[in-house]
Amino acid sequence: MNELQESVVGALRMLVEFDNDLIKTQPKEECINHRFARCLERVLSDKGLLDMCDVDIEYDKYMEGEKKGSDGRNIRPDILIHERRSGDRNNLMVIEAKKGYETKKDRNKVIDLVSSDKYRYSMGAVVSYFPRGDCIRIKFFDGTWTTCWLNKNDLSILETKKGTR
């Protein structure tokens, strides 16, 4: 795993350790994502990876306009690690994080923002908080998908598979 992937896993470990009641009680997705983003900000800051970057939730702006997908529709990613209003500079990661299983639309949003010459996010991820009661599924995208499972009980990574969707 690279440093960004390790940071996502570290932030999810922190979320489970300190805010597992949010995952168990299943409030609105944005509530969980807010706490996840705060954990992510702390992990990235501790590693010195937030120079000139911010961690934002539901951020839908691009420069002075709206962020748009390849289909021309406005999009609002769940979590972004980026430099606000920078165009394609310092766009580190886009994350779609869901209470249940992600959809094709979620995966396509990540693919669009990572593959786009306009946005140039270095990496993407799709997080599913509840796909199995005892695990969180994390799918990383950097041109290909890599899937891993974080055990909510002992915070270990159970398995990693490359090339999965």
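So here's what we get for this one:
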item: Residue 18-residue 83 FRET efficiency (beta carbon distance; Förster radius 25 Å; 0.05 resolution); result: 0.35
item: Hz values of 3J(HN,Hα) by residue in segment 101-116 - Karplus curve (6.51, -1.76, 1.60), Gly and Pro given as x; result: 6, 6, 10, 4, 4, 5, 4, 5, 4, 5, 4, 4, 6, 7, 7, 6
item: Amide H contacts of residue 92 (H built 1.01 Å from N, under 5 Å, at least 5 apart or other chain); result: 81, 82, 83, 122
item: Hull volume in cubic angstrom per residue (convex hull over the Cα atoms of the chain); result: 102 Å³
item: Lysine pair number, Cα distance threshold 14 Å (strictly under), segment 25-128, separation 8 or more or different chains; result: 10
item: Net length gained if the chain between residue 29 and residue 1 were fully extended (0.36 nm per residue, minus Cα distance); result: 7.5 nm
item: Sites residue 54 and residue 105 - FRET efficiency at Förster radius 30 Å, r taken between beta-carbons, to 0.05; result: 0.75
item: Cα gyration tensor shape for segment 1-70, rounded if a/c is under 1.5, else prolate or oblate; result: oblate
item: Under 15 Å from the Cα of residue 162 - aspartates and glutamates, other chains or at least 8 residues apart; result: 142
item: Label-to-label distance, nm, for residues given as residue 42 and residue 162 (7 Å Cα→Cβ offset); result: 3.3 nm
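FYI, it's all coordinate maths here, none of it is from the lab. Please read all numbers here as calculations on a predicted model, not as lab measurements. Here Cβ is always computed from backbone atoms with ideal geometry, including for glycine, and neighbour counts include all displayed protein chains.
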